[in-house]
Amino acid sequence: MATLAGPGFAQAPAIPPSLVTPDKVESLIGTLEFKDGVPSKATAQKLYDQLDFTYAYRAFMDNMRGVSIQSLRKGMQDIGVKDNDVLVFSELMDAKSLFLTANADTIYVMGALDLSKGPVVIETPPRFLGAVQDAWFRWVIDLGVPGPDRGMGGKYLIVPPGYTGTLPEGEFNIAHARTNVILWFGRSFLANHNDPKPVVEEIRKFTKVYPYEQGGVGTPIAEFLAGKAKLGRVTPPPPTVFHEGSGKVMNTIPPNDWTFFERLNEIVQNEPATSLDPELMGPVAAIGIVKGKPFAPDARMKGIMTEALEVANATSRTLFMSPRDAGWYYYPNSSWFNFLFETGYQFETPIPLVTKEGVKPFPPTGYRTMDARTNFFYGVTGITPAMAMRVPGIGSQYLLAVADADKNHFDGARTYKVTLPKGIPQANFWSFTVYDNMTRSMLDTPQRYPRAGSQSYPSPAAEPNADGSTTIYFAPTQPDDVKRGNWIQTIPGKGWFVILRLYSPLEPFFDKSWRISEVEPVSGPMKEGLIQRIEQRVDKREECRREAEAKKLGPVERVRFVEKCIQ
């Protein structure tokens, strides 16, 4: 009840200072004016503009991961890969295709699933390492070595949201998805580290993708007789359609122009309204992206959203290229980082310790580490618990460096080196891959595969030093007295970063008794004459590559021919 002042009325109590909005508020968006708590028309408009900016900013930061999945799907569609088809990189992935921090060491296999008509089966080959993601880039299930088949090869039944039909027992590993669009991908290692051909043959023989026949394989007759399931057909699945990815040019990177919002709208329209948490969907709806409604922002809103997009992308890029959290770095005073150990694959709770007594989980923190989530999805495709575990001999682990030993970002015109001490902790193999700062994809140089490591395909294996350590150089031209396998080419004028991968990592990596050196600069920028010689070498390599393709050589023979041709 209001208290009135004047004759016959009690004096109104003073308003506590903590409740007062001043007549003028100086802020980052300018001066805000109020009269007894009521905003002026100009202030109200300014604040609504800021509010809409915030919603658009959040729509990018929270949902870049979903747009990444949609972009990967569209990238495959651009080269003719339809939903439920399979894309295989028989000669590995190279720098011609734009994929977020993909490797040039393993044979990638991937595809998109359309669950809108019902469950779909994925059959995986032996010794496979993969995962299934939904349309919002959430983990659904692991495939292969980290999954329930444990690398023996298996059948996975991916079930769409709202499915009410019967499901089989025992025959399939069943996973329930919350979206109709699914992305799955995985990797297979090369045979003896130097030949993709037998592995590709195995992939094409055992990998299958087909719709699930309700009441068919996996449904016992007893279930039908008991009235618990209908009886379906038992027929061989239709042939899986394979597409070749090696050498193909495709763009799977999430855009940071207006196309971002258009792709976000596509996801919202295609998926159930409840496929994303309401708190995350709220900002998306606030900027006009609502299921079942046209997305048609007016000029004012489009201008605000465009500016928010630019700021959000700039923020995401900064978090990726200049991480500010000291806890992300793997070693003290290091530039090598992997924050998944601190945040887990859900960016919430540190990954469990694995001890002789068993697994020791950390208690949930109860909050999401937002900077880590943004950093990860700005630069990486694929999230799974298998990326964040301390189990020796399984999966792979990563260390990423965007800066050198002096905490300066890498200069493509300079020469750097990094040394791996003796006893590199891996049971399978190890590698470095260099990436373009702008695209976060493999750096496109005449090498085609910007990598160095212990396997001898698609480039020569790195050779150890006399003391058992191994030194890798990053430089525009191959340094004197450095073997080809110990050098990754960079480009003057182009920034880069690097990832170390340990396949089947061992305990010395996890307990940090083994530590890689920092990436150290060993020379200044190149001179103009040297740049010219590099450009001539680039032209020569391209000429040799075309000649090798004309000869129709196999993958191993092609690499050897090009290396000999350019000498």
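The values are calculated or read from the model by the stated rules, or taken from the named source; none is laboratory data. Since the model is a prediction, treat every value here as computed from it, not as a measurement. Counting neighbours? That spans all protein chains shown, and the Cβs are built from the backbone with ideal geometry, glycine included. Heavy atoms of the whole protein, side chains included, go into the accessibility calculation; ligands, DNA and RNA do not. Shrake-Rupley method; radii C 1.70, N 1.55, O 1.52, S 1.80 Å.
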**Message:** 5 Å is the cut-off here: which amide hydrogens, built 1.01 Å from N in the peptide plane, fall below it relative to Lys417, excluding neighbours closer than 5 in sequence?
**Reply:** Phe474, Glu520, Val522
**Prompt:** With charges set only on the Cβ (+1 for Lys and Arg, -1 for Asp and Glu), what does the dipole of the chain come to about its Cα centre, in debye to the nearest 20?
**Reply:** 780 debye
**Message:** Taking a ≥ b ≥ c as the square roots of the Cα gyration tensor eigenvalues, with a/c under 1.5 meaning rounded and otherwise prolate when a/b beats b/c, else oblate, which class fits the range 425-490?
**Reply:** oblate
**Item:** Gain upon complete extension [Ser513, Phe206; 0.36 nm per residue less C-alpha separation]
**Value:** 106.5 nm
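How big is the dipole moment of the range 302-370 about its Cα centre under a simple scheme where the beta carbon of each Lys and Arg is +1, that of each Asp and Glu is -1, and everything else is neutral? Debye, nearest 20, please.
Around 60 debye, computed over the range 302-370.
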**Asked** If you roll a 1.4 Å probe over the heavy atoms of the protein chains, what accessible area per residue do you get for the chain, in Å²?
**Response** 46 Å²
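Where a ≥ b ≥ c are the square roots of the eigenvalues of the C-alpha gyration tensor, would you call the range 1-132 rounded, which needs a/c under 1.5, or, failing that, prolate if a/b is larger than b/c, or oblate? Walk me through the numbers before you get to the answer.
Numbers: a/c = 4.49, a/b = 3.35, b/c = 1.34.
It comes out prolate by the Cα gyration axes.
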**Inter-label distance, nm, simple model (7 Å from Cα along the C-beta direction), Trp258/Gln11** = 6.1 nm
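Just the number, please: carbon plus sulfur as a percent of the accessible area of the range 132-209, 1.4 Å probe, no ligands or DNA/RNA counted. Please list the in-between numbers first.
Working: 1580 of 3210 Å².
Whole-percent figure for carbon plus sulfur exposure: 49.
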**Request:** Tell me the label-point distance for the pair Leu280, Asp195, using the 7 Å Cα-to-Cβ offset, in nm and rounded to one decimal.
**Result:** 4.5 nm
**Request:** Evaluate E = 1/(1 + (r/R0)^6) for Lys551 and Met152, where r is the Cβ-Cβ distance and R0 equals 35 Å; express this FRET efficiency to the nearest 0.05.
**Result:** 0.35
**Item:** Highest average packing first - 52-59, 423-430, Cβ atoms within 10 Å
**Value:** 52-59, 423-430
**Request:** Have a look at Tyr57, Val199, Val249 and report the one farthest towards the positive end of the charge dipole of the chain, computed about the Cα centre with Cβ charges (Lys/Arg +1, Asp/Glu -1).
**Result:** Val199
**Message:** Please report the net charge: other residues with Cβ closer than 10 Å to the Cβ of Ile351, K and R +1, D and E -1.
**Reply:** 0
**Request:** Can you tell me which of 201-208, 362-369 comes out highest on packing, and rank the rest after it, using the mean Cβ neighbours within 10 Å?
**Result:** 201-208, 362-369
**Item:** Set of the range 228-257 residues, backbone N closer than 18 Å to the point 7 Å along the Cα-Cβ line of Lys96
**Value:** 243-253
**Fill in**
Rounded to one decimal in nm, the spacing of the 7 Å Cα→Cβ label points at Met370 and Ile79 is 3.7 nm
**Fill in**
The size of the Cβ-based charge dipole (Lys, Arg +1; Asp, Glu -1) of the range 225-313 about the Cα centre, to the nearest 20 debye, is 640 debye
**Complete:** Between Tyr210 and residues 5 or more places away or on another chain, the pairs with built amide H atoms under 5 Å apart involve Val121
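Assign one of three labels to the chain, namely rounded, prolate or oblate, based on the Cα gyration tensor with a ≥ b ≥ c the square roots of its eigenvalues; rounded applies when a/c is under 1.5, prolate when it is not and a/b is larger than b/c, and oblate otherwise. If you can, show how the numbers build up before the last one.
On the way: a/c = 1.87, a/b = 1.27, b/c = 1.47.
Verdict is oblate for the chain.
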**Asked** Say a paramagnetic label sat at a point 7 Å from the Cα of His409, along Cα to Cβ; which residues of the range 351-380 have their backbone N under 15 Å from it?
**Response** 379
**Request:** Using R₀ = 22 Å, calculate the FRET efficiency as 1/(1 + (r/R₀)^6) where r is the Cβ-Cβ separation of Glu244 and Glu542; round to 0.05.
**Result:** 0.55
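May I ask you to compute the full-extension gain from Lys35 to Arg233, defined as 0.36 nm times their residue separation minus their alpha-carbon distance, rounded to one decimal in nm? Please report the intermediate quantities before stating the final value.
Values: separation 198, 0.36 × 198 = 71.28 nm, distance 7.47 nm.
Contour length minus Cα-Cα distance gives 63.8 nm.
Which pairs break 26 Å Cα to Cα here: Lys74/Lys197; Lys74/Lys551; Lys248/Lys540; Lys82/Lys302; Lys417/Lys552? Don't skip to the end; give the middle numbers.
Numbers: Lys74/Lys197 28 Å; Lys74/Lys551 33 Å; Lys248/Lys540 21 Å; Lys82/Lys302 32 Å; Lys417/Lys552 36 Å.
Pairs exceeding 26 Å: Lys74/Lys197; Lys74/Lys551; Lys82/Lys302; Lys417/Lys552.
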**Request:** Treating the angle as unsigned and between 0 and 90°, give the value, to the nearest 10°, between the Cα long axis of helix 370-379 and the longest Cα principal axis of the chain.
**Result:** 40 degrees
